[in-house]
Amino acid sequence: MKILKSKEMAYADKNTIELTGIPSLVLMENAGRTAAQIILERYPECKKFSVVAGSGNNGGDGLVIGRYLKKYGKEVKVFLLASSRDKLSQDNLKNLEIYESFGGEVYLITEKNIPKIRNGIKDSEVIIDAIFGTGFTPPVKGYREKVIKIIDSYYQKKKIVSVDVPSGLSTDYGKVDGTYLRADITVTFAYPKVSHILYPSSLFCGDVYVIDISIDESYVKEIHRYLLTKENILLPERKKDSHKYSYGHLLVIGGSVGKTGAVIMSSKTGTVSGAGLVTAVIPKSVNSIVEMALTEEMTIPVEDENGVFGKNSHREIREIVKKGKFTSIAVGMGMSVSESCVSVIEEILKLQMPVVIDADGLNNLRLIEDFRKRLKKRKYPTVLTPHIGEMSRLTGLKTTEIVENMEDVAVSFSSETGCYVVLKGSRTLISTPDGKVFYSIKGNEGMATAGTGDVLAGIIGTLIYRLGVEEGVKTAVYLHGLSGDLAVKDIGAESLKATDLIRYIPKAYNYLKNIDIKTDHKFYRTLSTI
(Lines give C-alpha, C1' and ligand atoms only; values in the text may rest on other atoms or scores of the structure.)
Protein backbone atom coordinates (compact mmCIF):
# COMPACT_ATOMS: atom_id res chain seq x y z
CA MET A 1 0.00 0.00 0.00
CA LYS A 2 1.46 3.32 -1.10
CA ILE A 3 1.03 6.64 0.69
CA LEU A 4 0.36 9.71 -1.45
CA LYS A 5 0.65 13.45 -1.20
CA SER A 6 -1.81 15.95 -2.65
CA LYS A 7 -0.16 16.55 -6.03
CA GLU A 8 0.52 12.83 -6.50
CA MET A 9 -3.14 12.01 -5.94
CA ALA A 10 -4.24 14.82 -8.26
CA TYR A 11 -1.91 13.49 -10.98
CA ALA A 12 -3.25 9.94 -10.66
CA ASP A 13 -6.83 11.19 -10.64
CA LYS A 14 -6.35 13.45 -13.66
CA ASN A 15 -4.63 10.80 -15.77
CA THR A 16 -7.12 8.11 -14.83
CA ILE A 17 -9.82 10.39 -16.21
CA GLU A 18 -8.02 11.80 -19.26
CA LEU A 19 -5.75 8.94 -20.35
CA THR A 20 -7.27 5.74 -18.98
CA GLY A 21 -10.71 7.04 -19.83
CA ILE A 22 -12.70 6.50 -16.64
CA PRO A 23 -15.07 9.48 -16.39
CA SER A 24 -14.70 11.67 -13.32
CA LEU A 25 -18.35 11.12 -12.46
CA VAL A 26 -17.73 7.36 -12.32
CA LEU A 27 -14.86 7.87 -9.88
CA MET A 28 -17.07 10.17 -7.79
CA GLU A 29 -19.89 7.64 -7.84
CA ASN A 30 -17.54 4.87 -6.74
CA ALA A 31 -16.21 7.05 -3.94
CA GLY A 32 -19.57 8.22 -2.64
CA ARG A 33 -21.31 4.86 -2.93
CA THR A 34 -18.62 2.95 -1.00
CA ALA A 35 -18.29 5.73 1.58
CA ALA A 36 -22.05 5.53 2.16
CA GLN A 37 -21.77 1.76 2.55
CA ILE A 38 -19.09 2.21 5.24
CA ILE A 39 -21.18 4.82 7.05
CA LEU A 40 -24.24 2.54 7.02
CA GLU A 41 -22.19 -0.40 8.30
CA ARG A 42 -20.53 1.71 10.98
CA TYR A 43 -23.68 3.47 12.22
CA PRO A 44 -26.61 1.15 11.39
CA GLU A 45 -28.74 2.48 14.23
CA CYS A 46 -28.52 6.14 13.15
CA LYS A 47 -31.40 7.66 11.20
CA LYS A 48 -30.64 11.38 10.88
CA PHE A 49 -27.68 12.58 8.81
CA SER A 50 -26.33 15.97 7.73
CA VAL A 51 -23.92 16.46 4.83
CA VAL A 52 -21.89 19.67 4.88
CA ALA A 53 -20.39 20.00 1.41
CA GLY A 54 -17.93 22.37 -0.18
CA SER A 55 -18.16 23.76 -3.69
CA GLY A 56 -15.48 21.49 -5.19
CA ASN A 57 -15.29 17.79 -5.94
CA ASN A 58 -15.06 16.83 -2.26
CA GLY A 59 -18.51 18.36 -1.97
CA GLY A 60 -19.59 16.30 -4.97
CA ASP A 61 -18.52 13.15 -3.11
CA GLY A 62 -20.65 14.33 -0.21
CA LEU A 63 -23.68 14.73 -2.45
CA VAL A 64 -23.29 11.15 -3.71
CA ILE A 65 -23.06 9.96 -0.10
CA GLY A 66 -26.20 11.89 0.76
CA ARG A 67 -28.07 10.35 -2.16
CA TYR A 68 -27.22 6.78 -1.13
CA LEU A 69 -28.10 7.44 2.49
CA LYS A 70 -31.44 8.83 1.35
CA LYS A 71 -31.93 5.82 -0.91
CA TYR A 72 -31.56 3.55 2.11
CA GLY A 73 -34.27 5.37 4.01
CA LYS A 74 -32.21 7.76 6.09
CA GLU A 75 -33.26 11.33 6.83
CA VAL A 76 -30.68 13.52 5.10
CA LYS A 77 -30.00 17.25 5.13
CA VAL A 78 -27.45 18.73 2.74
CA PHE A 79 -25.78 22.08 3.34
CA LEU A 80 -23.71 23.40 0.43
CA LEU A 81 -21.12 26.08 1.17
CA ALA A 82 -21.64 28.26 -1.91
CA SER A 83 -23.47 31.45 -2.73
CA SER A 84 -24.84 30.09 -6.01
CA ARG A 85 -24.72 27.09 -8.33
CA ASP A 86 -22.32 28.98 -10.58
CA LYS A 87 -19.64 28.56 -7.90
CA LEU A 88 -19.75 24.76 -8.00
CA SER A 89 -17.36 22.46 -9.82
CA GLN A 90 -18.87 20.73 -12.82
CA ASP A 91 -19.12 17.33 -11.14
CA ASN A 92 -20.44 18.85 -7.94
CA LEU A 93 -23.21 20.60 -9.88
CA LYS A 94 -24.12 17.40 -11.73
CA ASN A 95 -24.46 15.45 -8.50
CA LEU A 96 -26.46 18.28 -6.96
CA GLU A 97 -28.93 17.95 -9.85
CA ILE A 98 -29.06 14.16 -9.43
CA TYR A 99 -29.59 14.52 -5.69
CA GLU A 100 -32.45 16.92 -6.25
CA SER A 101 -33.99 14.57 -8.83
CA PHE A 102 -34.17 11.99 -6.01
CA GLY A 103 -36.25 14.47 -4.04
CA GLY A 104 -33.40 15.79 -1.94
CA GLU A 105 -33.31 19.38 -0.70
CA VAL A 106 -30.08 21.39 -0.52
CA TYR A 107 -29.44 24.54 1.50
CA LEU A 108 -26.90 27.03 0.15
CA ILE A 109 -24.85 28.48 3.00
CA THR A 110 -22.98 31.79 2.96
CA GLU A 111 -21.67 34.21 5.54
CA LYS A 112 -25.18 35.67 5.88
CA ASN A 113 -27.05 32.51 6.84
CA ILE A 114 -24.59 30.51 8.93
CA PRO A 115 -27.19 30.12 11.73
CA LYS A 116 -29.15 27.91 9.31
CA ILE A 117 -26.41 25.28 9.43
CA ARG A 118 -26.12 25.53 13.22
CA ASN A 119 -29.84 24.93 13.61
CA GLY A 120 -29.97 22.37 10.82
CA ILE A 121 -27.37 19.94 12.15
CA LYS A 122 -28.26 20.02 15.84
CA ASP A 123 -30.79 17.18 15.49
CA SER A 124 -28.54 15.00 13.30
CA GLU A 125 -26.85 11.89 14.69
CA VAL A 126 -24.11 11.84 12.05
CA ILE A 127 -22.44 14.82 10.36
CA ILE A 128 -20.58 14.19 7.11
CA ASP A 129 -17.75 16.63 6.43
CA ALA A 130 -17.22 17.05 2.69
CA ILE A 131 -15.95 20.63 2.73
CA PHE A 132 -12.28 20.40 1.74
CA GLY A 133 -10.45 17.54 0.04
CA THR A 134 -6.83 16.63 -0.62
CA GLY A 135 -6.17 19.76 -2.65
CA PHE A 136 -6.74 22.11 0.28
CA THR A 137 -3.87 24.13 1.76
CA PRO A 138 -4.35 25.43 5.33
CA PRO A 139 -5.31 27.64 7.00
CA VAL A 140 -9.08 27.87 6.59
CA LYS A 141 -10.30 31.35 5.79
CA GLY A 142 -13.59 33.20 5.70
CA TYR A 143 -16.96 31.92 6.79
CA ARG A 144 -15.95 28.30 6.18
CA GLU A 145 -13.81 28.56 9.31
CA LYS A 146 -16.93 29.42 11.29
CA VAL A 147 -18.74 26.44 9.78
CA ILE A 148 -15.91 24.08 10.69
CA LYS A 149 -15.92 25.37 14.26
CA ILE A 150 -19.66 24.76 14.48
CA ILE A 151 -19.28 21.17 13.29
CA ASP A 152 -16.28 20.53 15.55
CA SER A 153 -18.25 21.74 18.57
CA TYR A 154 -20.27 18.52 18.21
CA TYR A 155 -17.19 16.27 18.43
CA GLN A 156 -17.91 13.36 20.83
CA LYS A 157 -21.54 14.48 20.97
CA LYS A 158 -22.39 13.35 17.45
CA LYS A 159 -20.61 11.10 14.94
CA ILE A 160 -18.42 13.04 12.51
CA VAL A 161 -17.33 11.44 9.23
CA SER A 162 -14.77 13.21 7.05
CA VAL A 163 -14.45 12.62 3.32
CA ASP A 164 -10.80 12.14 2.23
CA VAL A 165 -9.29 14.22 5.04
CA PRO A 166 -10.82 16.17 7.96
CA SER A 167 -11.45 19.67 6.67
CA GLY A 168 -8.75 22.11 7.68
CA LEU A 169 -5.90 19.58 7.71
CA SER A 170 -3.14 19.46 5.13
CA THR A 171 -2.87 16.26 3.11
CA ASP A 172 0.92 16.35 3.03
CA TYR A 173 2.03 16.92 6.62
CA GLY A 174 1.46 15.83 10.18
CA LYS A 175 1.65 19.45 11.33
CA VAL A 176 -1.67 21.19 11.95
CA ASP A 177 -2.27 24.85 11.29
CA GLY A 178 -5.32 26.91 12.19
CA THR A 179 -8.85 25.57 12.41
CA TYR A 180 -9.60 21.92 11.62
CA LEU A 181 -12.16 19.21 12.27
CA ARG A 182 -11.80 16.18 14.50
CA ALA A 183 -13.42 13.13 12.91
CA ASP A 184 -14.55 9.78 14.27
CA ILE A 185 -13.84 8.16 10.93
CA THR A 186 -12.22 9.35 7.72
CA VAL A 187 -13.00 7.73 4.38
CA THR A 188 -10.21 8.36 1.89
CA PHE A 189 -9.91 7.35 -1.73
CA ALA A 190 -7.46 5.02 -3.50
CA TYR A 191 -4.51 5.47 -1.11
CA PRO A 192 -3.87 6.72 2.41
CA LYS A 193 -2.34 10.18 2.55
CA VAL A 194 0.58 11.42 4.63
CA SER A 195 -1.69 13.26 7.06
CA HIS A 196 -3.49 9.99 7.85
CA ILE A 197 -0.19 8.52 8.99
CA LEU A 198 1.76 11.22 10.82
CA TYR A 199 1.11 12.82 14.18
CA PRO A 200 -0.53 15.00 15.25
CA SER A 201 -2.84 15.17 12.20
CA SER A 202 -3.61 11.43 12.28
CA LEU A 203 -5.05 11.88 15.78
CA PHE A 204 -7.87 13.90 14.26
CA CYS A 205 -8.72 11.43 11.48
CA GLY A 206 -10.24 8.75 13.70
CA ASP A 207 -10.46 5.33 12.04
CA VAL A 208 -9.24 5.65 8.45
CA TYR A 209 -10.92 3.66 5.69
CA VAL A 210 -9.17 3.42 2.30
CA ILE A 211 -11.56 2.94 -0.63
CA ASP A 212 -10.80 1.50 -4.05
CA ILE A 213 -12.47 3.81 -6.58
CA SER A 214 -10.72 2.46 -9.74
CA ILE A 215 -7.76 4.86 -9.88
CA ASP A 216 -5.26 3.51 -12.42
CA GLU A 217 -2.26 2.27 -10.42
CA SER A 218 0.14 2.86 -13.29
CA TYR A 219 0.15 6.58 -12.48
CA VAL A 220 1.67 6.02 -9.04
CA LYS A 221 4.37 3.53 -10.04
CA GLU A 222 7.08 6.19 -9.63
CA ILE A 223 6.03 6.87 -6.05
CA HIS A 224 8.09 4.85 -3.58
CA ARG A 225 6.47 5.82 -0.31
CA TYR A 226 4.90 2.77 1.31
CA LEU A 227 2.98 1.74 4.39
CA LEU A 228 4.43 -1.27 6.18
CA THR A 229 1.77 -3.96 6.34
CA LYS A 230 1.73 -7.62 7.24
CA GLU A 231 1.37 -8.35 3.52
CA ASN A 232 4.60 -6.63 2.46
CA ILE A 233 7.04 -8.01 5.02
CA LEU A 234 8.86 -11.34 4.93
CA LEU A 235 9.17 -13.73 7.84
CA PRO A 236 12.29 -15.81 8.49
CA GLU A 237 11.91 -19.56 8.03
CA ARG A 238 13.57 -22.53 9.67
CA LYS A 239 14.52 -25.62 7.71
CA LYS A 240 14.52 -29.18 9.05
CA ASP A 241 18.03 -29.76 7.71
CA SER A 242 19.85 -26.90 9.46
CA HIS A 243 22.08 -25.99 12.41
CA LYS A 244 22.70 -22.90 14.53
CA TYR A 245 25.12 -21.34 12.06
CA SER A 246 22.40 -21.50 9.41
CA TYR A 247 20.67 -18.64 11.20
CA GLY A 248 23.57 -16.31 11.67
CA HIS A 249 25.90 -15.19 14.44
CA LEU A 250 25.09 -11.71 15.68
CA LEU A 251 27.89 -9.72 17.26
CA VAL A 252 26.61 -7.09 19.72
CA ILE A 253 29.13 -4.42 20.73
CA GLY A 254 28.40 -1.94 23.48
CA GLY A 255 27.87 -1.44 27.17
CA SER A 256 29.69 0.58 29.81
CA VAL A 257 29.45 1.19 33.54
CA GLY A 258 25.87 2.12 34.36
CA LYS A 259 24.62 1.15 30.89
CA THR A 260 24.91 -2.63 30.82
CA GLY A 261 21.17 -3.04 30.38
CA ALA A 262 21.29 -1.77 26.82
CA VAL A 263 23.71 -4.38 25.52
CA ILE A 264 21.96 -7.10 27.55
CA MET A 265 18.59 -6.28 25.97
CA SER A 266 20.02 -6.14 22.45
CA SER A 267 21.72 -9.50 22.94
CA LYS A 268 18.63 -11.22 24.34
CA THR A 269 16.56 -9.75 21.52
CA GLY A 270 18.94 -11.19 18.96
CA THR A 271 18.23 -14.67 20.27
CA VAL A 272 14.43 -14.39 20.42
CA SER A 273 14.42 -12.75 16.97
CA GLY A 274 15.96 -15.86 15.49
CA ALA A 275 19.76 -15.57 15.50
CA GLY A 276 21.53 -18.92 15.75
CA LEU A 277 24.18 -17.45 18.03
CA VAL A 278 24.69 -14.12 19.76
CA THR A 279 27.94 -12.84 21.25
CA ALA A 280 28.31 -9.60 23.19
CA VAL A 281 31.61 -7.72 23.22
CA ILE A 282 31.75 -5.51 26.30
CA PRO A 283 34.28 -3.67 28.48
CA LYS A 284 36.02 -6.12 30.79
CA SER A 285 34.90 -4.43 34.02
CA VAL A 286 31.21 -5.02 33.27
CA ASN A 287 31.60 -8.59 31.99
CA SER A 288 30.44 -10.27 35.20
CA ILE A 289 27.23 -8.21 35.21
CA VAL A 290 26.47 -9.01 31.59
CA GLU A 291 27.34 -12.70 31.95
CA MET A 292 24.99 -13.07 34.91
CA ALA A 293 22.14 -11.58 32.84
CA LEU A 294 22.75 -13.67 29.71
CA THR A 295 22.19 -17.41 29.47
CA GLU A 296 21.96 -18.39 25.81
CA GLU A 297 24.26 -15.57 24.66
CA MET A 298 28.05 -15.49 24.98
CA THR A 299 30.32 -12.64 26.03
CA ILE A 300 33.83 -11.55 25.09
CA PRO A 301 35.35 -8.94 27.43
CA VAL A 302 37.92 -6.51 26.05
CA GLU A 303 40.22 -3.91 27.55
CA ASP A 304 38.53 -0.94 29.18
CA GLU A 305 39.29 2.32 30.94
CA ASN A 306 37.03 3.30 33.82
CA GLY A 307 34.23 1.05 32.61
CA VAL A 308 34.30 2.23 28.99
CA PHE A 309 36.04 0.68 25.96
CA GLY A 310 39.78 1.39 26.16
CA LYS A 311 42.29 2.68 23.65
CA ASN A 312 43.14 -0.84 22.41
CA SER A 313 39.58 -2.12 22.32
CA HIS A 314 39.19 -1.47 18.60
CA ARG A 315 42.23 -3.66 17.86
CA GLU A 316 40.85 -6.47 20.02
CA ILE A 317 37.49 -6.22 18.24
CA ARG A 318 39.28 -6.46 14.89
CA GLU A 319 40.91 -9.73 15.96
CA ILE A 320 37.67 -11.06 17.43
CA VAL A 321 35.90 -10.52 14.11
CA LYS A 322 38.75 -12.13 12.16
CA LYS A 323 38.59 -15.28 14.27
CA GLY A 324 34.82 -15.49 14.56
CA LYS A 325 32.07 -16.57 12.21
CA PHE A 326 29.96 -13.49 12.66
CA THR A 327 27.35 -12.58 10.08
CA SER A 328 26.21 -9.14 11.27
CA ILE A 329 26.99 -6.53 13.91
CA ALA A 330 24.86 -4.29 16.12
CA VAL A 331 26.97 -1.63 17.81
CA GLY A 332 26.53 1.34 20.12
CA MET A 333 23.93 0.36 22.71
CA GLY A 334 25.05 1.69 26.10
CA MET A 335 28.52 2.34 24.73
CA SER A 336 29.12 5.87 26.11
CA VAL A 337 31.05 8.52 24.17
CA SER A 338 34.85 8.77 24.25
CA GLU A 339 37.89 8.85 21.97
CA SER A 340 38.31 5.11 22.40
CA CYS A 341 34.67 4.53 21.46
CA VAL A 342 35.14 6.67 18.36
CA SER A 343 38.05 4.36 17.44
CA VAL A 344 35.74 1.36 17.86
CA ILE A 345 33.23 2.87 15.42
CA GLU A 346 36.01 3.69 12.95
CA GLU A 347 37.07 0.04 13.11
CA ILE A 348 33.51 -1.18 12.64
CA LEU A 349 33.18 0.86 9.44
CA LYS A 350 36.07 -1.13 7.95
CA LEU A 351 34.49 -4.53 8.58
CA GLN A 352 33.09 -6.50 5.68
CA MET A 353 29.65 -7.42 6.93
CA PRO A 354 26.26 -5.75 7.56
CA VAL A 355 26.31 -3.32 10.47
CA VAL A 356 23.61 -1.66 12.59
CA ILE A 357 24.76 1.50 14.38
CA ASP A 358 22.52 2.63 17.24
CA ALA A 359 22.47 4.98 20.23
CA ASP A 360 25.97 6.01 21.38
CA GLY A 361 27.33 4.36 18.27
CA LEU A 362 25.72 7.25 16.39
CA ASN A 363 26.97 9.82 18.88
CA ASN A 364 30.52 8.53 18.38
CA LEU A 365 30.05 8.25 14.62
CA ARG A 366 29.31 11.96 14.27
CA LEU A 367 32.67 12.78 15.89
CA ILE A 368 34.49 11.20 12.95
CA GLU A 369 35.36 14.15 10.72
CA ASP A 370 34.50 12.58 7.39
CA PHE A 371 31.91 10.06 8.61
CA ARG A 372 29.53 10.68 5.71
CA LYS A 373 32.21 9.83 3.14
CA ARG A 374 33.27 6.75 5.12
CA LEU A 375 29.71 5.51 5.25
CA LYS A 376 29.32 6.06 1.52
CA LYS A 377 32.51 4.10 0.78
CA ARG A 378 31.37 1.03 2.71
CA LYS A 379 30.65 -1.89 0.40
CA TYR A 380 28.48 -3.72 2.93
CA PRO A 381 25.06 -2.56 4.14
CA THR A 382 24.92 -0.07 7.00
CA VAL A 383 21.77 0.63 9.00
CA LEU A 384 21.53 3.72 11.19
CA THR A 385 18.77 3.84 13.81
CA PRO A 386 18.61 7.41 15.20
CA HIS A 387 15.85 8.95 17.21
CA ILE A 388 15.08 12.60 16.50
CA GLY A 389 17.77 13.95 18.85
CA GLU A 390 20.45 11.68 17.40
CA MET A 391 19.40 12.62 13.88
CA SER A 392 19.76 16.25 14.85
CA ARG A 393 23.32 15.62 15.97
CA LEU A 394 24.13 13.68 12.80
CA THR A 395 22.72 16.32 10.45
CA GLY A 396 23.12 19.56 12.38
CA LEU A 397 19.42 20.30 11.86
CA LYS A 398 17.08 21.45 14.62
CA THR A 399 14.81 18.79 16.06
CA THR A 400 11.72 20.80 15.07
CA GLU A 401 12.89 20.87 11.47
CA ILE A 402 13.40 17.12 11.48
CA VAL A 403 10.01 16.39 13.09
CA GLU A 404 8.24 18.50 10.45
CA ASN A 405 10.25 17.01 7.55
CA MET A 406 11.12 13.48 8.66
CA GLU A 407 10.81 11.95 5.23
CA ASP A 408 12.86 14.55 3.38
CA VAL A 409 15.61 14.53 6.02
CA ALA A 410 15.87 10.73 6.10
CA VAL A 411 15.80 10.33 2.31
CA SER A 412 18.48 12.99 1.84
CA PHE A 413 20.72 11.42 4.47
CA SER A 414 20.30 7.93 3.01
CA SER A 415 21.19 9.21 -0.44
CA GLU A 416 24.24 11.08 0.84
CA THR A 417 25.64 8.24 2.95
CA GLY A 418 24.36 5.11 1.19
CA CYS A 419 22.81 3.96 4.48
CA TYR A 420 19.45 2.58 5.46
CA VAL A 421 18.00 5.00 7.99
CA VAL A 422 15.44 3.96 10.59
CA LEU A 423 14.27 7.32 11.93
CA LYS A 424 12.44 6.81 15.21
CA GLY A 425 9.79 9.29 16.28
CA SER A 426 6.11 9.16 17.16
CA ARG A 427 6.03 7.27 13.87
CA THR A 428 9.00 5.28 12.60
CA LEU A 429 10.07 5.51 9.00
CA ILE A 430 12.68 3.66 6.97
CA SER A 431 14.56 5.28 4.11
CA THR A 432 16.73 3.32 1.70
CA PRO A 433 19.73 4.41 -0.38
CA ASP A 434 17.67 4.09 -3.58
CA GLY A 435 14.97 6.49 -2.36
CA LYS A 436 12.25 4.23 -1.01
CA VAL A 437 10.41 5.16 2.18
CA PHE A 438 8.43 2.84 4.45
CA TYR A 439 6.20 4.16 7.24
CA SER A 440 5.21 2.04 10.21
CA ILE A 441 2.00 2.72 12.10
CA LYS A 442 2.62 -0.13 14.53
CA GLY A 443 3.68 0.67 18.09
CA ASN A 444 2.19 2.82 20.81
CA GLU A 445 2.90 5.49 23.41
CA GLY A 446 3.87 2.88 25.99
CA MET A 447 7.01 2.25 23.95
CA ALA A 448 8.26 5.76 24.72
CA THR A 449 10.51 4.36 27.44
CA ALA A 450 14.20 3.56 27.89
CA GLY A 451 15.55 0.53 26.06
CA THR A 452 12.99 0.00 23.32
CA GLY A 453 15.54 1.24 20.76
CA ASP A 454 18.07 -1.30 22.05
CA VAL A 455 15.49 -4.02 21.43
CA LEU A 456 14.93 -2.79 17.88
CA ALA A 457 18.68 -2.80 17.20
CA GLY A 458 18.85 -6.45 18.22
CA ILE A 459 15.98 -7.42 15.93
CA ILE A 460 17.47 -5.55 12.98
CA GLY A 461 20.92 -7.03 13.58
CA THR A 462 19.44 -10.51 13.42
CA LEU A 463 17.09 -10.10 10.48
CA ILE A 464 19.38 -8.23 8.08
CA TYR A 465 21.32 -11.49 7.85
CA ARG A 466 18.28 -13.78 7.85
CA LEU A 467 16.25 -11.82 5.26
CA GLY A 468 18.69 -9.44 3.57
CA VAL A 469 19.10 -5.84 4.58
CA GLU A 470 15.98 -4.14 3.16
CA GLU A 471 13.54 -6.92 3.99
CA GLY A 472 15.25 -7.45 7.33
CA VAL A 473 14.86 -3.81 8.34
CA LYS A 474 11.22 -3.71 7.22
CA THR A 475 10.29 -6.86 9.12
CA ALA A 476 12.25 -5.78 12.19
CA VAL A 477 10.46 -2.45 12.43
CA TYR A 478 7.04 -4.06 11.93
CA LEU A 479 7.79 -6.86 14.41
CA HIS A 480 9.05 -4.39 17.00
CA GLY A 481 5.88 -2.29 16.80
CA LEU A 482 3.61 -5.34 16.77
CA SER A 483 5.34 -6.72 19.88
CA GLY A 484 4.63 -3.45 21.63
CA ASP A 485 1.00 -3.49 20.52
CA LEU A 486 0.49 -7.04 21.76
CA ALA A 487 2.24 -6.26 25.05
CA VAL A 488 0.27 -3.09 25.74
CA LYS A 489 -3.01 -5.00 25.56
CA ASP A 490 -1.94 -7.12 28.52
CA ILE A 491 0.22 -4.68 30.46
CA GLY A 492 -1.05 -1.20 29.66
CA ALA A 493 0.91 1.78 28.35
CA GLU A 494 2.01 3.20 31.70
CA SER A 495 3.80 0.06 32.88
CA LEU A 496 5.20 -1.16 29.57
CA LYS A 497 8.98 -1.58 29.59
CA ALA A 498 11.55 -2.60 27.01
CA THR A 499 12.02 -6.12 28.34
CA ASP A 500 8.29 -6.71 27.84
CA LEU A 501 8.88 -6.28 24.12
CA ILE A 502 11.47 -9.06 24.21
CA ARG A 503 8.93 -11.37 25.87
CA TYR A 504 6.31 -10.53 23.26
CA ILE A 505 8.47 -11.01 20.15
CA PRO A 506 7.66 -14.76 20.07
CA LYS A 507 3.97 -13.91 20.35
CA ALA A 508 4.31 -11.44 17.49
CA TYR A 509 6.00 -14.09 15.34
CA ASN A 510 3.27 -16.59 16.13
CA TYR A 511 0.59 -14.02 15.34
CA LEU A 512 2.13 -13.25 11.94
CA LYS A 513 2.78 -16.88 11.06
CA ASN A 514 -0.69 -18.06 12.00
CA ILE A 515 -2.86 -15.35 10.43
CA ASP A 516 -4.39 -16.14 7.07
CA ILE A 517 -3.30 -13.32 4.77
CA LYS A 518 -5.71 -13.28 1.87
CA THR A 519 -7.34 -10.63 -0.23
CA ASP A 520 -10.98 -10.07 0.62
CA HIS A 521 -13.44 -8.70 -1.89
CA LYS A 522 -14.51 -5.56 -0.07
CA PHE A 523 -13.66 -2.33 -1.81
CA TYR A 524 -12.08 -0.87 1.30
CA ARG A 525 -9.87 -1.66 4.28
CA THR A 526 -9.05 0.14 7.50
CA LEU A 527 -5.59 1.26 8.55
CA SER A 528 -6.18 -0.28 11.97
CA THR A 529 -6.00 -3.74 10.35
CA ILE A 530 -2.67 -3.09 8.62
Checklist outcome for this item: Once the dipole of region 208-261 is set up from charges on Cβ (+1 Lys and Arg, -1 Asp and Glu), the residue from the list Leu227, Val252, Ile215 lying farthest towards its positive end is Val252
Checklist outcome for this item: Heavy-atom accessible area of region 50-117 with neighbours in place, 1.4 angstrom probe: carbon+sulfur share in percent works out to 46 percent
Item to check | Label-point gap, in nm, between Lys2 and Met292 - each point 7 angstrom along Cα→Cβ | outcome: 5.6 nm
Next on the checklist: Run the numbers for Glu125 and Ser83: contour at 0.36 nm per residue of separation, minus the present Cα-Cα distance, in nm.
Outcome noted: 12.5 nm
Checklist entry - For Ala410, what is the net charge nearby, where nearby means another residue's Cβ is under 12 Å from its Cβ and Lys, Arg count +1, Asp, Glu -1? => result +1
Checklist outcome for this item: Taking Lys and Arg as +1 and Asp and Glu as -1, residues besides Arg238 with C-beta under 12 Å from its C-beta add up to +3
Checklist outcome for this item: dims of region 47-93, Cα set, principal axes, largest to smallest, nearest Å -> 31, 17, 13
Item to check | Percent carbon-and-sulfur accessible area, region 401-530, ignoring ligands, DNA and RNA, probe 1.4 Å | outcome: 48 percent
Checklist outcome for this item: Yeah, region 315-381 with a ≥ b ≥ c from its alpha-carbon gyration tensor (a/c under 1.5 is rounded, else prolate when a/b outruns b/c, oblate otherwise) is oblate
Item to check | C-alpha center-to-center spacing [region 155-201, region 342-379] in angstrom | outcome: 40 Å
Next on the checklist: Taking the solvent-accessible surface of protein heavy atoms with a 1.4 Å probe, what is the per residue accessible area of region 360-511 in Å²?
Outcome noted: 39 Å²
Next on the checklist: Students often get this wrong, so try it: which of [x] 22.5, 69; [y] 26.7, 85; [z] 23.1, 81 is Rg and Dmax of the Cα atoms in Å as calculated from the structure shown?
Outcome noted: [y]
Checklist entry - Which angle from 0 to 90°, rounded to the nearest 10, does the C-alpha axis of helix 339-350 make with the longest principal axis of the chain? => result 80 degrees
Next on the checklist: For region 169-306, what does the relative contact order come out to in percent, with C-alpha contacts under 8 Å and a separation of six or more?
Outcome noted: 16 percent
Next on the checklist: Charges at C-beta only: +1 for Lys and Arg, -1 for Asp and Glu. How large is the resulting dipole of the chain about its Cα centre, in Debye rounded to 20?
Outcome noted: 380 debye
Next on the checklist: Show me the trypsin sites (Lys or Arg not before Pro) within region 14-83 that DSSP assigns to loop and that have at most 16 other Cβ atoms within 10 Å of their Cβ.
Outcome noted: Lys47
Checklist entry - Which value, in Å², gives the accessible area per residue of region 125-269 when a 1.4 Å probe is used on the protein heavy atoms? => result 40 Å²
Checklist entry - With each run of n ≥ 4 DSSP H residues scored as -39500 (n - 2.57), what mean residue ellipticity at 222 nm is computed for the chain after dividing by its residue count and rounding to the nearest 500 deg cm²/dmol? => result -12500 deg cm²/dmol
Item to check | Net +/- balance of residues flanking Lys377 in space, Cβ distance below 13 Å, scoring K and R +1, D and E -1 | outcome: +4
Next on the checklist: If I compute solvent accessible area with a 1.4 Å probe over the protein chains, what percent of it on region 118-223 is carbon and sulfur?
Outcome noted: 43 percent
Next on the checklist: Ordering Lys157, Lys284 by accessible area with a probe of 1.4 Å, largest first, what comes out?
Outcome noted: Lys157, Lys284
Item to check | Relative contact order %, the chain, counting alpha carbon pairs below 8 Å whose residues are six or more apart | outcome: 12 percent
Checklist entry - Can you give the accessible area of Asp304, probe radius 1.4 Å, in Å² rounded to 10? => result 40 Å²
Item to check | Gyration tensor (alpha-carbon) shape descriptor, region 391-530, a/c threshold 1.5 | outcome: prolate
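The values are calculated or read from the model by the stated rules, or taken from the named source; none is laboratory data. Note that this is a predicted model, so its numbers are computed, not measured. Cβ: placed from backbone, ideal geometry, glycine included. Neighbour counts: every protein chain shown. When the accessible area is computed, the model is the full protein with side chains, heavy atoms only, and any ligands, DNA or RNA have been set aside. Shrake-Rupley method; radii C 1.70, N 1.55, O 1.52, S 1.80 Å.
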